[in-house]
Amino acid sequence: MISFSLIMAFINYRDEMQAVEDGIERAARGHAKLIAALTADKIEQNDFAPLQPLLNALASEPEVVAAKIFSASGNMIAFDSSSRETGVSPASDPIARRVVGSREPVSRRNADFTDYYLPVLREGEAVGAVLVKMSNGELQAVRGDVLLQVLVLFGILIVAVVPLGTYMMYRSTRGISRVTQAANEAAQGFLDPNMVVDANGEVGELQEAFKAMAVNLRKTIKHIEYLAHVDGVTGLPNRLKFENTAIQLIDLSPRAEGAVLFIDLDRFKMINDMHGHAVGDELLKHVAERIRSLVAEYFEPHTTSAPFVARFAGDEFVAVLPGMTDAGKLVELSEIVIEKIGRPVRVDPLSLIVRASMGIALYPQDGQVADDVLRCADMAMYRSKEDGRDQATIFNEKIREQALERQKIERHLMSALDNNELRVFYQPKIDLVSGNIIGSEALLRWTNPELGNVPPFKFVPIAEECGLMTPIGEFVLRQSLEDMNRLLAEGHDLKIAVNVAPVQFQSVYFTDRTLGILGESGFPLDRLELEITESSVMDDPARVMDQIMPIKEEGVLLAIDDFGTGYSSLNTLATMPFDTIKIDRSFIRDMAADENQRAIVQLILMMARQLKMKTVAEGIETPLQFDQLRTWGASYAQGYLWSPPVEYAAFAGMVRNGLNPAATMDATA
């Protein structure tokens, strides 16, 4: 009986020690598998920032001494910041390189530590290695406990209490299999923070430690997911979250129908430039919340499930409206929403107004996958901008055709200046009293080998949006001054008017570059007139003043173009340093048939006289228009009655030889 007891005690001692050693290795392997599964894609993408929290969480466990991650070349790329490992860790580990090369784990044990190396695999390829260093101090303690248990067991066996020893063995090993199972599940990406702790002693502590690690890792993963899917400025879902949700609602739901809204804030960049990005971000927060609440208020009652609103890009927002397909209702509600978006927003101490353009696309008729539907809504939004902004447009096939044409124009326009495809034409400007040419307006024209003659109304807005208008505007200014210098050298008394696009004022270098071009040209500055549209003046009068006053002080004349279309106040007009008012052609065209238009033209002319400003009437096509404007006191005129815009050679011929006698006689008859 005693011999049997001794044999059983020896076997129990051996099994206990083996179980504890195996438990430590299994725990190390479980930790390593968990870290490897969570970090494989981060290592491949060189995104090391999220690795630190994972290693810190693991190293906070009592039995873990250190946790490290190595690159495929064996270089250490991340380690826990609270490591209890003593000494200096080498930057490169040959064992890590061997593990990566063999793609097999390596376990090393000494009296103090157990090191477990595991390759990090990504689609079958080793992209790095993980090291988990476990303390064997607890193993020594367990060894002492086991020896004590063996002695007690031996004593008890001596008195024939074998059942009690058997029960103690059961108590000391219970729960290890549960921890091992949870570790294997965690290595596959399934974290269970609700694991039952049903063991006592160190095994119970191991269960508690693993449960705490699972809870911390789950919190960390949720926070990372939040940061990855929520826009940091507005708090709305971001583009990644929108794309994933749109795929679920549209791509993966074949019978689904509904609409997508694409909302772009008009001229938001100007607010950032004027007031700074801090004010711009605060404004975005208010506008985003306004859009979210307006979509919920007006569109949600007509949808089959809650609309999904997200910030798509800088000043762009998108919304998916499941089940809403009534085009008329969509446009009607969109116009209401746009009007409410455009109401003032208080960003202390400022009161800001930002308006929006919206595009609407329906699915599945406009597209059966989210990318296609979004692209259609984007095209419809650009149509809204082209048609005057601050409105909603629903997508149709004509918009798609025009968008393709727009892309083709944009592609060719990018190289038009370098390929010498742009030319400056001149339309004579006539003195209404003498009937003589007193100057001209420089007008841009583009002829492309593939597209032919492209009208300005098609390519100028594209040039403005693509950032090409500044170099193109400078080209027009240089070329027109060079051409007019040649005519001045011949002794002709002429002035030249050159348009300044609104987007040119957005450049902080506009004034300096313009003065530089004028200085290089040698052109008499009192014979140059810069035409500025009324709408660009009204967008930001103070900024325009700051940029044009240094040019005005050099003697350059200024004209306000398209007057009557931009809703400028008389106070603004009176305080701005303009010399000339150009009456928009829309008023001239309708004078004969519309008494109100005639009255408006007469009022503009009377106001100009009171302000001691010259006037230019655009678009004169009939002798009657000419006669009325001359009678009412207009200063100058231009239009097809005398000549369309022509190339320099043709214009120079008119200056040298005079206007076509027939045209002159018709105009003065």
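The values are calculated or read from the model by the stated rules, or taken from the named source; none is laboratory data. Treat the numbers as computed from the prediction; the structure is a model and nothing was measured. Here the Cβ positions follow ideal geometry from the backbone for every residue, glycine too, while neighbour counts run over all protein chains shown. Each accessible area value is taken on the protein alone, full model and side chains, heavy atoms only, with ligands, DNA and RNA left out. Shrake-Rupley method; radii C 1.70, N 1.55, O 1.52, S 1.80 Å.
Points to keep in mind about this one:
- For the pair the range 266-309 / the range 352-388, the C-alpha centres are spaced 16 Å from each other.
- In the chain, Cα pairs under 8 Å separated by at least six residues give a relative contact order of 8 percent.
- VAL433 accessible area, 1.4 Å probe, all protein chains in place, Å² to nearest 10: 130 Å²
- Label selected from [x] 236; [y] 162; [z] 213, the criterion being volume of the Cα convex hull per residue in Å³ as computed here: [x]
- The string of couplings for the range 436-443 from the Karplus curve (6.51, -1.76, 1.60, θ = phi - 60°) is 8, 6, 10, x, 7, 10, 7, 10 Hz, one whole number per residue in order, with x for Gly and Pro.
- Ranking CYS466, CYS376 by solvent-accessible area of protein heavy atoms (1.4 Å probe, all protein chains present), from largest to smallest, gives CYS466, CYS376.
- Rolling a 1.4 Å probe across all protein chains gives MET606 an accessible area of roughly 90 Å².
- Per-residue SASA remark: TYR648, around 40 Å² accessible (1.4 Å probe; ligands, DNA and RNA not included).
- MET545, MET591, ranked by accessible area, largest first (probe 1.4 Å): MET545, MET591
- Among the listed pairs LYS42/LYS219; LYS285/LYS458; LYS408/LYS495; LYS42/LYS211, those with a Cα-Cα distance over 28 Å are LYS285/LYS458; LYS408/LYS495.
- Cα centroid separation - the range 96-131 against the range 435-510, whole Å: 68 Å
- Calculated FRET efficiency, ARG513 to GLU208, Cβ-Cβ distance, R0 = 60 Å: about 0.30 to the nearest 0.05.
- At R0 = 45 Å, FRET efficiency that the Cβ-Cβ distance of ASP526 and GLU450 yields, to 0.05: 0.60
- Simple spin-label estimate for ASP22 and GLU410 gives 6.6 nm between the two label positions (7 Å along the Cα-to-Cβ direction from each Cα).
- For ARG109, residues with placed amide H under 5 Å, excluding near neighbours: ASP115
- Packing-based ranking, highest mean first, of 261-267, 363-369 given that Cβ atoms within 10 Å are counted: 261-267, 363-369
- Legend: residues SER351, SER293, SER357, sorted from most to least accessible area (1.4 Å probe; ligands, DNA and RNA excluded), read SER351, SER293, SER357.
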